[in-house]
Amino acid sequence: IWQFEEIVEKAKNFSKTVTKEDFLEFYGYYKQATVGDCNIDEPEEEDKKARYLAWKSKAGLTAEDAKNHYIEVYKKYAEKYQ
């Protein structure tokens with residue numbers, strides 16, 4: 001079984017650039033898995049706000065569930081970005 005940390009490293013090392021939408025899917029689950037529910041105020045700046053909303057949308061997931069979702073997202077996109 002794949003470990004979350006191993007998958008994070010694999011995702012960081014994609015050879016192709018991940019689209020903003022796909023990145024946000026990874027980001028939301030990553031933050032939920034590693035920090036928990038969103039604990040910051042909504043930023044003004046557009047890119048930061050998009051990351052904030054991606055994270056906030058995962059509120060309530062346990063770290064374990066968020067890690068499993070992250071791995072599923074990786075499996076969905078691995079072929080596209082390797």
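Tally up the residues in region 44-77 that are open to solvent by 30 Å² or more (accessible area, probe 1.4 Å), of a type outside the set (Lys, Arg) and more than 22 Å from residue 5 (Cβ to Cβ), please.
8
Of all the residues that make up region 1-10, how many are more than 14 Å from residue 66 (Cβ to Cβ) and in contact (Cβ under 8 Å) with a residue 40 or more places away in the chain?
Total meeting the criteria: 2.
Take the residues of region 22-53 that are assigned to a helix (DSSP H, G or I) and more than 19 Å from residue 68 (Cα to Cα): which is nearest to the chain's Cα centre (by Cα)? It would help to see each step written out before you state the result.
First, pick out the residues of region 22-53 that are assigned to a helix (DSSP H, G or I): 22-34, 46-53.
Those still in the list that are more than 19 Å from residue 68 (Cα to Cα) too: 46-53.
Numbers: 46: 18, 47: 15, 48: 14, 49: 15, 50: 12, 51: 9, 52: 11, 53: 12 Å.
Restricting to residues being assigned to a helix (DSSP H, G or I) and more than 19 Å from residue 68 (Cα to Cα), the top hit is 51.
Of the conditions (1) open to solvent by 50 Å² or more (accessible area, probe 1.4 Å); (2) at pLDDT 95 or above; (3) touching a helix residue (DSSP H, G or I) at 6+ places or on another chain (Cβ under 7 Å), residue 2 fails just one. Which one is it?
Exception for residue 2: condition (2).
The values are calculated or read from the model by the stated rules, or taken from the named source; none is laboratory data. This one's a predicted model, so the numbers in the text were calculated from it and none came from an experiment. Backbone-built Cβ (ideal geometry, glycine too); neighbour counts: all protein chains shown. Surface accessibility is based on the protein's heavy atoms, side chains included, excluding ligands, DNA and RNA. Shrake-Rupley method; radii C 1.70, N 1.55, O 1.52, S 1.80 Å.
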